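Inspection log for the structure reproduced underneath, given as structure tokens.
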There are 2 protein chains.
Amino acid sequence: MQKKLLLSPGPTPVPSEALLAMAQPIIHHRTPEFTEVFNQVQEGLKYLFQTENDVIVIAGSGTSAMEASVSNVLSPGDKAICIRGGKFGERWAELCQAYGVEAINIDVEWGKALDPQVLADCLTKNSDAKAVYATMSETSTGAKFDIESFAKIVGNHPQTVLAVDAITALGVMDVPMDKWGIDVLVCGSQKAIMLPPGLGFISLSEKAWGFTESSKCPKYYLDLRKEKKSLAKGQTSYTPAVSLIMGLNETLKMIREEGLTNLFKRHATLAAATRAACKSVGLKLLAKDSPSDAVTAVKSPEGTDATQIVKKMKGKYGMIIAGGQAELKGKIFRIAHLGYFDKCDIFSAIAHLEISLKELGLPVKLGAGIAAAEDVFLSE
Amino acid sequence: MQKKLLLSPGPTPVPSEALLAMAQPIIHHRTPEFTEVFNQVQEGLKYLFQTENDVIVIAGSGTSAMEASVSNVLSPGDKAICIRGGKFGERWAELCQAYGVEAINIDVEWGKALDPQVLADCLTKNSDAKAVYATMSETSTGAKFDIESFAKIVGNHPQTVLAVDAITALGVMDVPMDKWGIDVLVCGSQKAIMLPPGLGFISLSEKAWGFTESSKCPKYYLDLRKEKKSLAKGQTSYTPAVSLIMGLNETLKMIREEGLTNLFKRHATLAAATRAACKSVGLKLLAKDSPSDAVTAVKSPEGTDATQIVKKMKGKYGMIIAGGQAELKGKIFRIAHLGYFDKCDIFSAIAHLEISLKELGLPVKLGAGIAAAEDVFLSE
């Protein structure tokens, strides 16, 4: 017997409660039964997003929700600032380009965060920018961005909205949408929400809804104003992914039971233990200055292709970690710890990492990583 | 105990084989394991679409695939002919409008089909139309359109493509994409494919792929050329709805085991039995001239609001049939028989319809509908 452990930053493991809910006979969506579930889901999403605003549910991946953040808010010819510190930051700029929006790119070294002052200066220089597109947890590098400060800066510009990809941040770290004043907040189902991929989520502030009124980008399936109207009736405009929504109702219940404070603390501890363990076995972290609690990006030892470590972990031990993407391919591997994760998973990941490194002939003191993780857990 | 029977034209019942496959632990999509399943799915879809072309799989509803048929093929300012004989025909025109495409509408009385000569004449008059958008099985009226003839007509116009919404037709009636020369064929998961909603499918002919090269509509999530490249590597461009694809692999296996000939015959027989039964209990069919084998739309008896029949069937007997949409609201009810359906389901639907009509005080000879359905089955 060999158990497989999904340690990738999405999809993440799905709890049995959700799998079983999704395995129930399908129900029709234009019924009071569906609306009852959908209204419960809406309450759960508002709790998770920490907002009084509607949270629109899209049958689509997180990228579809990112696209909706551009196509519903801006018009061709508009200017937008895109913070690019990894693969997903770059996606914002690609989306702007697709819709004829002029992207002013703030490029950040992959693995680093952004000094908020750089954004403030850029926005002063480009005061006609209608939107700032940012990433809270850059999944490709494991870096966390200071969204609270970004929101303060953008909040001083009444003609600009802040849109945040929180796909691997929401449900991991504190992202109080309303309190911070985030205008557009985007998430996906297959991360800390503990579901299979197939749902995108997007919430807009009153300010952002105002922008949608003058937006001239073409849209139909991702028309958020139409969805807002449907939502008021406990419905979606087009056929929703019913089974995923049934699963969502279960995972949102789990999240409410755990409570946001515990949820963030659990993720912070698991992430701290992972980082401490990796350092203790002699590895270096990519995003050491501002690490995300969702995923830890680890540099491969000098002279070792990270792909070998990923292969060993997966092929021999069923530990499915992720490699690097684009320019980081072969240079890093990533261990995720977001969603349905506890200490067992971290111990499994770290212990298997220790023996994998050993088998690859790399210097490692067996047990050193586990000891470091244990220290973190004991000091909780 | 009261069993619930989902007799709506989508979502339709999902077989246990698929429900259980979707309840398995989630796997990562950037793995050989996923690619193996995805390649199998691709073979199954080609069999179902009767095409040698790729079948793109979208995490989204059928509407997302319809949108892709416009945004990838046309450019703003283009002209397109939209055949509108119901709610879904109208959706084509709405999509064209959303993308700045001039829609030449051929309006057909709801419940009727279209004389192909009308399309031929319209196309002669509008020879600059880049596309014809049609619906094979108009779910809102239960009418079937003569796609084979439409394809012959459009086939004579090298500058025009034929796009067909086959969302409730595919897997029900014969739609040989390559043989007929359909350029764009669209489907969704929650119909005869026997899955929960959340997947859209779209296949393009070589001619239609040619059109995508000059298309200037903005798109990102629904960029089919990008998806085609990913498909060649057994992947999707954005995170796929993994669990639905696992279920899809199961239902496509079931479809291949039954075989297209048996599949079409089963649906034809179930539909014929439903129509005969409804007529035998004294009801009139809406689409009597050209009925779809996916769904039977039945006129409510004079003076009776169809909503009452739908409510009685559902509330008292767990038979979830659909009412009329838009202008047909209150005037018709619809019994679907596409996907995971056999004779048991038709007997249940008809017998419950008989007692529901009786209870509503309408004249009905108990057993007459069942007798008519039995006659159809006996003459198979």
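Tabulated values for the structure
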quantity	calculated
For the stretch B:245-258, Karplus couplings with θ = phi - 60° (6.51, -1.76, 1.60), whole Hz, Gly/Pro x	5, 5, x, 4, 4, 5, 5, 5, 4, 4, 5, 5, 5, 5
Pairwise FRET efficiency - B:Ser348 versus B:Thr261, Cβ, R0 = 30 Å, nearest 0.05	0.70
Per residue convex hull volume, Cα atoms of the stretch B:1-103, in Å³	177 Å³
Label distances, nm, B:Ser149 versus same residue in remaining copies, Cβ-directed 7 Å point	7.0
Loop-located GluC sites (Glu not before Pro) in the stretch A:225-325 whose Cβ has at most 16 other Cβ within 10 Å (DSSP)	A:Glu302
Chain A: angle of helix A:32-49 to the longest principal axis, Cα-based, in degrees nearest 10	70 degrees
Residues whose placed amide H lies under 5 Å from that of B:Ile106, excluding near-sequence neighbours	B:Cys82, B:Ile83, B:Arg84
Residues B:Thr12, B:Thr304, B:Thr296 arranged by fewest to most Cβ contacts within 10 Å	B:Thr304, B:Thr12, B:Thr296
The stretch A:176-184 - phi-based ³J(HN,Hα) in whole Hz, Karplus 6.51/-1.76/1.60, Gly and Pro as x	x, 3, 5, 5, 6, x, 7, 8, 9
Dimensions (Å) - the stretch A:281-336, Cα atoms, principal axes, largest first	32, 26, 25
Tail weight of P(r) past 14 Å, computed on alpha-carbon pairs of the stretch B:222-304, percent	75 percent
D (Stokes-Einstein, µm²/s), Kirkwood Cα radius, the stretch B:62-164, 1.002 mPa s at 20 °C	161 µm²/s
Calculated [θ] (222 nm, deg cm²/dmol) that DSSP helices of n ≥ 4 give over the protein assembly as shown, each run adding -39,500 (n - 2.57)	-13500 deg cm²/dmol
Computed E for B:Leu20/A:Glu94 - FRET, C-beta separation, R0 51 angstrom, nearest 0.05	0.85
Dimensionless Rg ratio for the protein assembly as shown, taking C-alpha atoms and the 2.2 N^0.38 Å reference	0.99
Whole-number D in µm²/s for the stretch A:202-262 (Stokes-Einstein; Kirkwood sum over Cα pairs; 37 °C, 0.692 mPa s)	235 µm²/s
The stretch A:264-380: radius of gyration over Cα atoms, expressed as a fraction of 2.2 N^0.38 Å	0.96
Across the identical copies, how the A:Leu360 labels are spaced - nm, sorted shortest first, 7 Å along Cα→Cβ	6.8
GNM top mover of B:Glu67, B:Glu354, B:Glu36 - chain B, alpha-carbon springs below 10 Å	B:Glu36
DSSP bridge pairs, chain B: antiparallel proportion in percent, nearest 5	50 percent
Hz values of 3J(HN,Hα) by residue in the stretch B:132-137 - Karplus curve (6.51, -1.76, 1.60), Gly and Pro given as x	10, 9, 10, 10, 7, 10
For the stretch B:137-199 and the stretch B:232-260, distance of Cα centres in Å	19 Å
Residues with amide H under 5 Å from that of A:Leu162, placed H, sequence gap 5 or more	A:Val132, A:Asp183, A:Val184
Percentage, to the nearest whole number, of Cα pairs in the stretch A:16-257 over 35 Å apart	11 percent
Relative contact order [Cα under 8 Å, 6+ residues apart], chain A, whole percent	23 percent
Centroid-to-centroid separation of the stretch B:323-370 and the stretch A:52-123 [C-alpha atoms, Å]	51 Å
A:Ser149-A:Lys316 pseudo-label distance in nm [points 7 Å out on the Cα-to-Cβ vector]	4.3 nm
Selection from B:Ile350, B:Leu20, B:Cys187, by position along the positive dipole direction of chain B (Cβ)	B:Ile350
Copy-to-copy label separations for B:Met1, where each label sits 7 Å from Cα toward Cβ, in nm and ascending	3.3
Test item: A:19-25 mean partner chain Cβ contacts at 10 Å	6
Signed unit charges on C-beta, dipole axis of the protein assembly as shown, positive-most listed residue B:Val118, A:Tyr317, B:Val55	A:Tyr317
DSSP-assigned coil residues among trypsin sites (Lys or Arg not before Pro) in the stretch B:1-102, each with at most 10 further Cβ atoms within 10 Å	B:Lys3
Shielding by partners - mean other protein chain Cβ count within 10 Å, residues of B:194-205	4
Within a Gaussian network of chain B (alpha carbon springs, distance under 10 Å), most fluctuating of B:Pro197, B:Pro158, B:Pro25	B:Pro25
When the convex hull of its Cα atoms is projected in every direction, mean area for the stretch A:161-270 (nm²)	7.7 nm²
Candidates B:Leu362, B:Leu162, B:Leu328, ranked by Gaussian network fluctuation over chain B, Cα under 10 Å, top entry	B:Leu362
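Bear in mind that the values in this text are calculations on the coordinates, not laboratory data. Because the structure is a prediction, the values reported are computed rather than measured. Neighbour counts run over all protein chains shown; Cβ positions are idealised from the backbone, glycine included.
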